[in-house]
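Take this structure, written in structure tokens, and hold onto it; I'll ask about it next.
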Amino acid sequence: MFDLVADIEKYPEFLPLCESLSVQSRREKKGRILLMASMSVGYKGIRETFSTKVMLHQEAHQIDAQYIDGPFKYLNNRWVFEETGDNSCDIIFFIDYEFKSKMLGVLMGSMFDRAFNKYVTAFEERASIIFNSGE
């Protein structure tokens, strides 16, 4: 599951609101992989792009995303993968954010909340496709 979530360039294929995602840089640092990425999200006529620094720490079974630039005042995201047995794990997903603009927060805030709540289902469905097809 770590690898599935770490493959951020595939997000536009299955994540709600995610229209595009590009990785500007990738480098290894102290046994971790550091990605600088931009994600564009959209809902109806509203489109926003934001940049994050994503730290992939496979040994610790953790992925952290830190906000760099875009429409948010802040955005923090963490994934933790806890092994529960052969080929299974529990996933802890945390996200906290606030829009810079109160107007944008009103327009997109509840929609973002609903989309983020659907992320778990989107990743479960993606895992089912990947792991059952042998991709």
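The values are calculated or read from the model by the stated rules, or taken from the named source; none is laboratory data. The structure displayed is predicted, hence computed values, not measured ones. Glycine gets a Cβ as well: all are built from the backbone with ideal geometry, and neighbour counts include every protein chain shown. Just so you know, the surface numbers come from the protein's heavy atoms only, side chains and all, with ligands and any DNA or RNA stripped out. Shrake-Rupley method; radii C 1.70, N 1.55, O 1.52, S 1.80 Å.
Excluding residues on the same chain fewer than 8 positions from LYS44, give the lysines whose Cα lies under 24 Å from its Cα.
The reachable lysines, counting only those whose Cα sits under 24 Å from LYS44, are LYS10, LYS73, LYS100, LYS102, LYS118.
Give me, ordered by chain and number, the residues 5 or more places off PHE99 or on other chains with an amide H under 5 Å from its own placed amide H.
Correct list: LYS73.
Which value, in debye to the nearest 20, gives the size of the charge dipole of segment 3-117 about its Cα centre, when Lys and Arg are +1 and Asp and Glu are -1 at the Cβ?
680
Under the Karplus relation 6.51 cos²θ - 1.76 cosθ + 1.60, θ = phi - 60°, what is the ordered set of whole-Hz ³J(HN,Hα) values for segment 77-92, x standing for Gly and Pro?
So the Karplus estimates, Gly and Pro as x, are 9, 9, 10, 10, 10, 10, 4, 10, x, 4, 6, 8, 7, 9, 10, 9 Hz.
Using amide H atoms built 1.01 Å from N in the peptide plane, name the residues 5+ places from CYS89, or on other chains, whose amide H lies under 5 Å from its own.
THR84
Got a sec to turn the phi values of segment 53-58 into Karplus ³J(HN,Hα) couplings, 6.51 cos²θ - 1.76 cosθ + 1.60 with θ = phi - 60°, whole Hz, x for Gly and Pro?
Calculated HN-Hα couplings, in order: 9, 10, 9, 9, 10, 5 Hz.
Mind checking which of LEU4, ALA60, LEU34 is farthest towards the positive end of the chain's charge dipole, using Cβ charges of +1 (Lys, Arg) and -1 (Asp, Glu) about the Cα centre?
The listed residue farthest towards the positive side: LEU34.
Right, here's the next one. Report the full-extension gain for the segment ILE46 to GLN24: residue separation times 0.36 nm, less the Cα-Cα distance, to one decimal in nm.
5.6 nm
Moving to a separate point now. Relative to the present Cα-Cα distance, how much length would full extension add between MET111 and LEU4 at 0.36 nm per residue of separation?
36.1 nm
Return the long-range amide H neighbours of ARG32 (sequence gap of 5 or more, or a different chain), with a cut-off of under 5 Å between placed amide H atoms.
HN-HN under 5 Å from ARG32: empty list.
Quick one: Karplus J couplings for segment 35-41, per residue in order, coefficients 6.51, -1.76, 1.60, θ = phi - 60°, nearest Hz, x for Gly and Pro?
So the Karplus estimates, Gly and Pro as x, are 10, 10, 9, 10, 10, 9, 10 Hz.
Stretch LEU34-ASP90 to full length: gain in nm at 0.36 nm per residue minus the Cα-Cα span?
This chain segment gains 17.8 nm when fully extended.
Gaussian network model of the chain, Cα springs within a sub-10 Å range: biggest mean-square fluctuation belongs to which of GLY31, GLY45, GLY70?
GLY45
Let me ask something else. Using a ≥ b ≥ c from the Cα gyration tensor of segment 2-81 (square roots of the eigenvalues), is it rounded, prolate or oblate, where a/c under 1.5 gives rounded and otherwise the larger of a/b and b/c decides, a/b for prolate?
prolate
Once a ≥ b ≥ c are taken as the square roots of the eigenvalues of the Cα gyration tensor of the chain, is the result rounded (a/c under 1.5), prolate (a/b larger than b/c) or oblate (a/b not larger than b/c)?
Here the chain falls in the prolate category.
Tell me the carbon and sulfur percent of the accessible area for segment 44-135, rounded to whole percent, probe radius 1.4 Å.
49
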